[in-house]
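Visitor: Got a structure for you, questions after.
Here, each number is a calculation from the coordinates, and none is a lab measurement. These figures come from a predicted structure and were not determined experimentally. Here the Cβ positions follow ideal geometry from the backbone for every residue, glycine too, while neighbour counts run over all protein chains shown.
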Amino acid sequence: GDSVTQMEGPVTLSEEAFLTINCTYTATGYPSLFWYVQYPGEGLQLLLKATKADDKGSNKGFEATYRKETTSFHLEKGSVQVSDSAVYFCALSPEWGAQKLVFGQGTRLTINP
Amino acid sequence: NAGVTQTPKFRVLKTGQSMTLLCAQDMNHEYMYWYRQDPGMGLRLIHYSVGEGTTAKGEVPDGYNVSRLKKQNFLLGLESAAPSQTSVYFCASSSQGPNYGYTFGSGTRLTVV
């Protein structure tokens, strides 16, 4: 079945460091791909998305590129801030079948000043 | 601008008790979802609805029932709570499906003792 695998956390970085959170997926066809972010005590919020191969989603300085050949959708940011500390979830929406999101296990990110 | 509202925010139940979690959205969204979030396992879909009067099973439906009698409300019921149902429950809604993004509630933390 469809699944999403994220890099194990927690990830701890210093402010202004470069961030990469790896995400790979298993799905038939061409799923849509998403990154959601969860700040402490809150629900998830959509961060960015890409709906076809080679698309790049971007928002708030974060970017991710839909790579069909490597079935990946890695999240990157050039210079992180303390306010980026959160849990990040990669997710996919299957091309066919039920209208639902399949989430990865989440990666906790902590940014130290 | 309420978005998605979940009640209650916290609840402690004894094994065997029943309860209903309420999710209400004011965005006229067609799709609504119930997820549970457990450490290291991401979000897992319990049940979902693609419109008023419809429901469907997700990944982990056992022990839960749902109803969508009104478009704006999606109820999640636990008939006989078990310690394995201790979790954080999130409701989400979407206008036309996951490709358009989900709006999440802030969650209900349920403990079954």
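Visitor: Relative contact order, percent, of chain A when contacts are C-alpha pairs under 8 Å separated by at least 6 residues?
Guide: On the way: 302 pairs, mean separation 41.7, N = 113.
Computed value for chain A: 37 percent relative contact order.
Visitor: Specify the longest stretch of chain A that does not include any exposed loop site, a site being one of the chymotrypsin sites (Phe, Trp or Tyr not before Pro) with a non-H, G, I, E, B DSSP assignment and at most 10 other Cβ atoms within 10 Å. Write down the numbers at each step before the final one.
Guide: On the way: sites that count: A:F18, A:W96.
Here the longest segment lacking exposed loop sites spans A:19-95.
Visitor: Could you tell me which of the pairs A:K56/A:K100; A:K60/B:K71; A:K49/B:K71; A:K56/A:K77 are separated by over 25 angstrom between their Cα atoms in the structure shown? Could the numbers behind the result be given before it?
Guide: Numbers: A:K56/A:K100 22 Å; A:K60/B:K71 33 Å; A:K49/B:K71 27 Å; A:K56/A:K77 13 Å.
Pairs exceeding 25 Å: A:K60/B:K71; A:K49/B:K71.
Visitor: Excluding A:K52 itself, what net charge comes from residues whose Cβ is under 12 Å from its Cβ, given Lys and Arg +1 and Asp and Glu -1?
Guide: Numbers: positive: A:K49, A:K56, A:R67, A:K68; negative: A:D54, A:D55, A:E95.
Around A:K52, the charge tally is +1.
Visitor: Looking only at A:E76, A:E42, A:E16, which one moves most when chain A is put into a Gaussian network model with springs between Cα atoms under 10 Å?
Guide: A:E42
Visitor: Anyone know which of A:P40, A:P31, A:P94 comes out most mobile in the 10 Å Cα GNM of chain A?
Guide: Highest fluctuation among the options: A:P40.
Visitor: Considering chain A as a Gaussian network with a 10 Å cut-off on Cα pairs, which listed residue, A:G61, A:G41, A:G78, attains the greatest mean-square fluctuation?
Guide: Top of the fluctuation ranking is A:G41.
Visitor: Segment B:1-25 to segment B:30-44: how many Å between their Cα centroids?
Guide: 14 Å
Visitor: Which percent, to the nearest 5, of DSSP beta bridges fully inside the protein assembly as shown are antiparallel?
Guide: Bridges in the protein assembly as shown are about 90 percent antiparallel.
Visitor: Select from segment B:1-44 those trypsin sites (Lys or Arg not before Pro) which occupy a DSSP coil region and have at most 12 other Cβ atoms within 10 Å, ordered by residue number.
Guide: Numbers: sites: B:K9, B:R11, B:K14, B:R36, B:R44; in loops: B:K9, B:K14.
For trypsin sites (Lys or Arg not before Pro) across segment B:1-44 that sit outside H, G, I, E and B with at most 12 neighbouring Cβ atoms in 10 Å, the list reads B:K9, B:K14.
Visitor: Once each part is reduced to its C-alpha centroid, what is the distance from segment A:19-62 to segment B:47-94 in angstrom?
Guide: 25 Å
Visitor: Under unit Cβ charges (Lys, Arg +1; Asp, Glu -1), what dipole magnitude, rounded to 20 debye, does chain B have relative to its Cα centre? Working shown, then result.
Guide: Numbers: 10 positive and 7 negative charges, 50 e Å.
Its charge dipole is roughly 240 debye.
Visitor: Report, by chain and number, residues whose modeled amide H sits under 5 Å from the one on A:Q105, excluding near sequence neighbours (fewer than 5 apart, same chain).
Guide: Excluding prolines and chain starts, which carry no amide H, the hits are A:Q6.
Visitor: Straight-line reach only, C-alpha to C-alpha below 20 angstrom: list the aspartates and glutamates that B:K70 could link to, leaving out same-chain residues fewer than 8 apart.
Guide: Reachable aspartates and glutamates: B:D26, B:E30, B:E52.
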